1. If Rh is defined by the Kirkwood formula over all Cα pairs and Rg also comes from Cα, what ratio Rg/Rh do you get for the stretch A:44-164?
2. Cβ under 14 Å from B:L370's Cβ, B:L370 left aside: what net charge do those residues give with Lys, Arg +1 and Asp, Glu -1?
3. Compute the accessible area per residue over the stretch B:208-459, keeping the other protein chains in place, probe 1.4 Å, unit Å².
4. Using only Cα atoms and rounding to the nearest 10 degrees, what angle (0 to 90) does helix C:34-45 make with the longest principal axis of chain C?
5. Suppose you put the label 7 Å out from Cα in the Cβ direction; list, shortest first and in nm with one decimal, how far A:R59 is from each other copy's label.
6. How much net charge surrounds B:W411 when only the other residues with a Cβ under 11 Å from the Cβ of B:W411 are counted, with Lys and Arg +1 and Asp and Glu -1?
7. As I understand it, the value is the acute angle between the Cα axis of helix C:168-180 and the longest principal axis of the Cα atoms of chain C; what does it come to in degrees, rounded to 10?
8. Can you give the convex hull volume of the alpha carbon atoms of chain C per residue, in Å³?
Amino acid sequence: MDKPLISHHLVDSDGSLAEAPSEVPKVGILGSGDFARSLATRLVGSGFSVVVGSRNPKRMAGLFPSAAQLTFQEEAVGSPEVIFVAMFREHYSTLCGLSDQLSGKILVDVSNPTEQEHLQHHESNAEYLASLFPTCAVVKAFNVISAWTLQSGPRDGNRQVPICSDQPEAKRTVLEMVRAMGFTPVDMGSLASAREVEAMPLRLFLGWKVPALLALGLFIFFYAYNFVRDVLEPYVQEGKNKFYKLPVLVVNTTLPCVAYVLLSLVYLPGVLAAALQLRRGTKYQRFPDWLDHWLQHRKQMGLLSFFCAALHAVYSLCLPLRRSHRYELVNLAIKQVLTNKSHIWNEEEVWRMEIYLSLGVLALGMLSLLAVTSLPSIANSLNWREFSFVQSTLGFVALVLSTLHTLTYGWTRAFEESRYKFFLPPTFTLTLLVPCVIILAKGLFLLPCVSRRLTKIRRGWEKDGSVRFTLPVDHTLAQKTSHV
Amino acid sequence: MDKPLISHHLVDSDGSLAEAPSEVPKVGILGSGDFARSLATRLVGSGFSVVVGSRNPKRMAGLFPSAAQLTFQEEAVGSPEVIFVAMFREHYSTLCGLSDQLSGKILVDVSNPTEQEHLQHHESNAEYLASLFPTCAVVKAFNVISAWTLQSGPRDGNRQVPICSDQPEAKRTVLEMVRAMGFTPVDMGSLASAREVEAMPLRLFLGWKVPALLALGLFIFFYAYNFVRDVLEPYVQEGKNKFYKLPVLVVNTTLPCVAYVLLSLVYLPGVLAAALQLRRGTKYQRFPDWLDHWLQHRKQMGLLSFFCAALHAVYSLCLPLRRSHRYELVNLAIKQVLTNKSHIWNEEEVWRMEIYLSLGVLALGMLSLLAVTSLPSIANSLNWREFSFVQSTLGFVALVLSTLHTLTYGWTRAFEESRYKFFLPPTFTLTLLVPCVIILAKGLFLLPCVSRRLTKIRRGWEKDGSVRFTLPVDHTLAQKTSHV
Amino acid sequence: MDKPLISHHLVDSDGSLAEAPSEVPKVGILGSGDFARSLATRLVGSGFSVVVGSRNPKRMAGLFPSAAQLTFQEEAVGSPEVIFVAMFREHYSTLCGLSDQLSGKILVDVSNPTEQEHLQHHESNAEYLASLFPTCAVVKAFNVISAWTLQSGPRDGNRQVPICSDQPEAKRTVLEMVRAMGFTPVDMGSLASAREVEAMPLRLFLGWKVPALLALGLFIFFYAYNFVRDVLEPYVQEGKNKFYKLPVLVVNTTLPCVAYVLLSLVYLPGVLAAALQLRRGTKYQRFPDWLDHWLQHRKQMGLLSFFCAALHAVYSLCLPLRRSHRYELVNLAIKQVLTNKSHIWNEEEVWRMEIYLSLGVLALGMLSLLAVTSLPSIANSLNWREFSFVQSTLGFVALVLSTLHTLTYGWTRAFEESRYKFFLPPTFTLTLLVPCVIILAKGLFLLPCVSRRLTKIRRGWEKDGSVRFTLPVDHTLAQKTSHV
């Protein structure tokens, strides 16, 4: 029998319309906490008829919306087909007395374990509920939504609600309810996913941990390095007290190093991935795990790089505000007068600074464009080609501008012996290594022979086989390696 | 009889599929203004068959999409089940002649009263339409969407369309149409909500009025205060003309005060709420209204605080650009030379400024992270724990950094008599009061005995009763007091 | 027979529920490339049963999700009703052997032509597929989604998927699948739109091209103009080497000109449109095409203006960081000492700079508010009145502030002969023309007689006819001319 996968039904088989559907759908809620109350408010607002079951319905009277019917648990579960269980896991078993009335109904588990509870139980709350009520269809949903969002729902835009259940029909019913309440349901498959769904609200910036630690590590390393060169060395060698440099100047030579290294680490994995594909002669082999993780953290690293670069810019602009800057200027003027010099001007120094500053501003401008296009609402409005143009082309331009900015800053300092304090090379020389490798590799990939081979591989060509029947390149791995 | 609440039907009862639904659904539009035309364009684009009823169909020919059928009103309302009424309220009564043809159909009221009209009529346009056509199912919808958005719809992402009606089935039909047209419907309940729905497009930054007025008031107060201290006092006491300070310097001592006070007012209500909960020993009592409103305006106050802080940063960075700054520097140099001083340096002043600037940059960096995460598209992608971490933890760090920034700015000035101009204490001392109270209170809440009690209360514990069967804390009130 | 346009069916005609729908819907995929694999992953994740047809199913084993069934093409197309064709266009014809099995089924064309392919074929891929399989219902969908987004779907928020087909029922089925997979379907009409849909992922910042070229052209013009005045003239006339001004100073006098001219070009078309409406005495005549295009590119021009203004701000703040600034300051101090001046101060210059800077900061602050509210997620949360207030009222305030900023910069320079280098007037005078016209015109439109006529016209009044039955103004053209 042919049937549509999913379809709206337009006509009733007997043409009748107004009977059944004009009844308002009825749902039950077990529980009387904050979440139960917000849920009731939202359900009433979305046109459902709500009955709340409580052990002590009288006490709850003022707290629930007046349109919701408050009654004892036994009465509440009678007529509705869908019942929300808004209770703590430890109280699930108190519902066992209602087993018969609940039989055949849909139970929605909205609970949110705390971190300890999540670690303590191997079984998700929803699976535990399902084991207590084997005759019910248990659906996990709404746990990622806070009671606050539930209440103020419509204002909040498209909040996603992951849903899972072993009963497809029950899942579909809840899915429609989610949609009717103004949220976007996301089907997460069977109830086995409930543990994952319950872990979602416990995540704390999952993808940010490694990049943030990396940035912190780089900051500490470069801060220590600059401290030794800029503060300790003058103190030890010449007895000069330069400790006042700690809060601003040392930070401001450290931040650009962190920003620059992070930016180069955004583009390195793409180069490595391309090299790997070239050597393997196929894109159908998985990258090693470390490379895969690295590729997936580029966005976070890029944003942290931008943050450090922006702080560097603000710190730099603060320099003339410092009292020490004023003293140095005045002292310079006094010195010139005392040595009878009527005019100072160093054309090379002037040019170095002008170019250096201009490149820095442009690099920051580029990075801020990259940062803006990684905002979810903007990224969503770009097609793949646009996104790739911004992230790959503009990003590379930003890397090149930063490299030129660094090189103009360095000028000839890398070759002056006096700059090697304690035999340590100037900081900027340390940071130049990776970016230069990347820029060279990118140049190499542009050579016709390499470029042609890479394009073929990305279209599905393999060294040891024919092209597969596959869709155009610009889809998966090209995306993954879009920074190349 | 068991039935699903809401369910898609997968198979027709007789297994037939292709007959009825393959017909394109037909809708009517009464009216020929801009909105009617945009509506027609969008409906045609979404696959509906559109018939437009006008008093003078010939004149309209070029203005509607060619796929729409243009005819007289009487003919237009014949076959479609859903008819959009895109006319001014004052012309509704001209449709009374069509009463018979319209009977039993769904009328969608898309009208948008002007502010005067809204104030003038106690009854919403939709309710008025329903009273004229008691045999029709009137649905209010689309009024929040501009004709422009209607035309360019798909580009615009998820626009929400509030819908209300007394007939659930009619509402559901329109709801599906809204979805089919690429918008997100939001069910607002019965037609009694129509007045509220009609007021939506008239709102002008509703939640911003009080915070913006507050910021303005603070600005005026601090500007006047600083004017008296920095400009008037030197003029009156010493006859010095410092009026040139008005456009930049006085503004730049005023802005950080406004930013700092606003930031502290973001965190004060959370402290008050926690104190109230501690005293009451329960979270199940409503906060007083003023506290509730205050809690709800924290986001706006925080963003205004960030805006002022950012302006303060830019103003500060502008200081060395001023001509007066240049003159002062040169004059200082001349003075040093004339008094035969060859080197000036004040280690304490140097340190004060370096620390002061560094803390300021860091506080601004923190505030900008807070501002970015309050963008709707980013806030939506965070779970509650992440949002609370940013707003509560990072926000408090920003408050502490700002306090340190202020204290370093002040240094010992609060204790120097010469700083009390006209007996007025330095401005920064005025702003320190509230933040210090907040920081102290936060420290107090961290004491084990207080912290344990607060956690218990937020999990639903009550002084005079047992723990209720309720969902974990991190839902409603914790959200409301997330800044504590 | 009356029937709802679109409606959910709540009850089966025989009240039975659990039979048919509990079967998991089955879909087929032909192809084994990246896109096919991502599609399989996503479909399995959304609860579909997936069968993949390949020429060499064994080789593909590790690459597809384990829940997907891998088999030969002939077997894969047997049972599912919906089959995704994830192959290159040139391989479509290899499926002709499956013609009989595919008959009556829904084929979803997900292919994405490259730019060359798109130009080469006049017929879209989907139409070509439809011509090969006339007995199938071909639906174009998913081509705008990258394989990457497909895999990571739920994280990405509301991605829109345009869909088109000649068979409404097939389209509706796919539409529901799109929704079930967490994306937002957009109905694009018949299969004739497939070419347009296929062109979507090829677009590269369509609306940005003209504004970006305009900004570039303005930049080149003003850069050359400033170069001649600030660098060439001193070199030719006085033999002074001012070439060091090229990287920062000349750029920094060019950027504000570009920003200011672009901003005025944002507001000019609104004034022209209003003038045109006034002269015509109706809003029911189309604007000339150039004006229409101009009106539609205002957002991009405004954002480019903001970008240039922000760069101008950063460049300006960098000025005191330059070595040349330091030298000039010191040289000024030396000169004062040598000429025995003990105090320099020019009250007029001081005031000019203070006001100039303050206005600049305020104008930038206004522009950044405008930029923030044009972020999609924020624009979506504003109603029309708020959006129009920000873009029209605040935008005009920004224009006025910029004009005052420019005028204070100019001060009396426009009237000093020495400022006319090579007879070229100072740059700022060139940029003032358009904004002053706009501000004058706006003032004119506020005169009661003009304003009343304009309001009448925008409410639908016509010089040569009566008011039409139309919805309030604030819908279409008011939006289009919202900057007036």
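The values are calculated or read from the model by the stated rules, or taken from the named source; none is laboratory data. Just so we're clear, the structure is a prediction, and the values are computed from it rather than from any experiment. Cβ coordinates were reconstructed from backbone atoms using ideal geometry, including for glycine residues, and neighbour counts include every protein chain displayed. The protein model used for the area step is the full one, side chains on, heavy atoms only, and it has no ligands, DNA or RNA in it. Shrake-Rupley method; radii C 1.70, N 1.55, O 1.52, S 1.80 Å.
1. Radius of gyration relative to Kirkwood radius: 0.96.
2. Details: positive: B:R298, B:K299; negative: B:E386.
With Lys, Arg at +1 and Asp, Glu at -1, the net is +1.
3. 45
4. 70
5. 6.9, 7.0
6. Combined, the nearby Lys, Arg, Asp and Glu give 0.
7. So the helix axis and the longest Cα principal axis differ by about 70 degrees.
8. Expressed per residue, the convex hull around the Cα atoms of chain C is 254 Å³.
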